[in-house]
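The values are calculated or read from the model by the stated rules, or taken from the named source; none is laboratory data. All of these numbers come straight from a predicted model, not from anything done at the bench. Please note: Cβ atoms are built from the backbone with ideal geometry, for glycine as well, and neighbour counts cover all protein chains shown.
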Amino acid sequence: MGIQMNKRQIFFIIAIAVGILLLILLAKKMGTVTDQPVLRRKSRHKRTREEREIGRLNVKSLDIRAGADRIPVDVGIYRRENGMLYVRVMIDGKLIRRSLETRKESEALLKIRSVIMAALEGQKAKEVPTLAEFTKTYLAYSKRQYSKSTYARNLCRMSKLIENFGSMRLDQIDKRAIKLHSQKRLQEVSPASVNCERSLLSSIMEYACELDFIQENPVRKVKKLRESPGRERYLTPDEIKRLLDACKALSERKGVGHNPILYEIVLTAILTGLRKGNLQNLKWSQVDFKTGNIIIPAGEHKNRKPLYFPINPYLQEILSGLRHNYPYAEYVFCKADGTEYGDWKRSFNTACETAGLEDVRFHDLRHTCGTLLNMLGTNQYTIRALMGHRTLAASKRYVHTPPETVREASNALGDRLRRILDGSD
């Protein structure tokens, strides 16, 4: 009886061993044992130093910055049946498998960074747009953010940026590429124009940072070019009178340069210092005779803040005359049929030629307004408020001191010192 029990025990032991062997063979065939992650397996022997380093493996420890903070990355190292190691990288829900071409975990650690970077680069290549592709997004933003004139200038400058950077991804535009563009453009245009294009590119890259396409703005690392001093042109009292006389003559005559309201346009520009675009788009709905203000909305003003310019009696007289002559017009400065007048560059240039004035632009009337306010002794803060500048530095660019005023101050100083020495003061 005891011998039969031993046989049964032996039979059960053999059956269990065969079953375990079959399970092991089946598991090897399906890869459920050898395909277990090296990082998670329970090894009987003590882990080596290399295995422990792999066990602590993560994206940050490998110093992988490009997109790692923005794209979820999960890394696992596996061993194949032949002993070769390979890596599985889960990037934003997509599995990428790459062979490390080694059986040693210490060598795998050296290769894994380049493998993950290549996988991330492939993912980024699909996500980060080129400058030409991103232009559409930026222009839509620019149209909402800036005035019509600024948006129009951005459209003109955008063509040169697309010509040089259009095929490059936003994350490929670096300091070196920007410097090469500046050097190339410097042979064609002035430093001021190059700086304007640089500012536009900086605005584009800043917006790309806001949308998380890139981590930093590379334009910040490139300094602006040194520009030549800006032109200082304003009209003296004598030049103002000659110009207004010429405008009045052109308003009355027919033919080339004829503009029936040029006199009112130029006089309003000098009295208010408003920009040409604001005058062209000025509507009667923006002129409030009750409160005595001309209102420029924030969307049409350069510094993105509304401007309230007080209407003085002389200006009110001019505006009232225009309202009487064109009672049903929508725009203040309009054609005979009441529609928007448009550009008056040709008639203004004709008036300047008639008055014998050289190198005069319509924007110089804004400088003339600031200079006249300064000659009247108006303080800088009031000038800034009237002209709608954001800073005092911007106002100073429009305030000029005539040489006659400087000479009078010098003569007054000499006379005062003479009286002090003579004892008469």
Review point. Within region 128-167, how many residues turn out to be of a type in the set (Val, Ile, Thr) and more than 13 Å from the chain's Cα centre (by Cα)?
Key: 3
Practice item. Report yes if His400 is touching a His at 6+ places or on another chain (Cβ under 7 Å) and either modelled with pLDDT of 85 or more or surrounded by 15 or more Cβ atoms within 10 Å (Cβ to Cβ) (or both), otherwise no. Key: yes
Exercise for review: Tell me which residues, restricted to region 325-350, are at pLDDT below 85 and β-branched (Val, Ile, Thr).
Suggested key: Thr339
Exercise for review: Within region 336-346, identify whether any single residue is aliphatic (A, V, I, L, M) and closer than 16 Å to Thr268 by Cβ, and answer yes or no.
Suggested key: no
Point to revise | Unique match (being more than 21 Å from Tyr328 (Cβ to Cβ) and acidic (Asp, Glu)) among Glu239, Glu264 | key: Glu239
Check your understanding: Within region 325-335, can one find any residue that is loosely packed, with under 13 Cβ neighbours inside 10 Å and within 39 Å of the chain's Cα centre (by Cα)?
Key -> yes
Exercise for review: Working carefully through the options His367, His389, find the one that is of a type outside the set (Ser, Thr, Tyr) and under 15 Å from Leu235 (Cβ atoms).
Suggested key: His367
Point to revise | Pick from region 265-303, criterion free of Cβ contacts under 8 Å to residues at least 24 places away in the same chain and part of a loop (DSSP other than H, G, I, E, B), ranking: farthest from Asp245 (Cα to Cα) | key: Ala298
**Study point:** From the options Phe309, Phe362, Phe333, residue that is in contact with a helix residue (DSSP H, G or I) (Cβ under 6 Å, 6 or more places away or on another chain), more than 18 Å from Leu244 (Cβ to Cβ) and in the same structural domain as His400 (by TED's automatic domain parsing)
**Key:** Phe309
Check your understanding: Considering region 128-147 alone, what residues qualify as being of a type in the set (Phe, Trp, Tyr) and either part of a helix (DSSP H, G or I) or not assigned by TED's automatic domain parsing to the domain that holds Asn217 (or both)?
Key -> Phe134, Tyr138, Tyr141
Exercise for review: Assess whether Glu227 counts as being out of contact with any strand residue (DSSP E or B) (no Cβ under 7 Å at 6 or more places or on another chain), within 30 Å of Pro306 (Cα to Cα) and acidic (Asp, Glu).
Suggested key: no
Exercise for review: Determine whether Thr378 is modelled with pLDDT under 90, within 17 Å of Lys283 (Cβ to Cβ), under 39 Å from the mean Cα position of the chain (by Cα) and of a type in the set (Val, Ile, Thr).
Suggested key: no
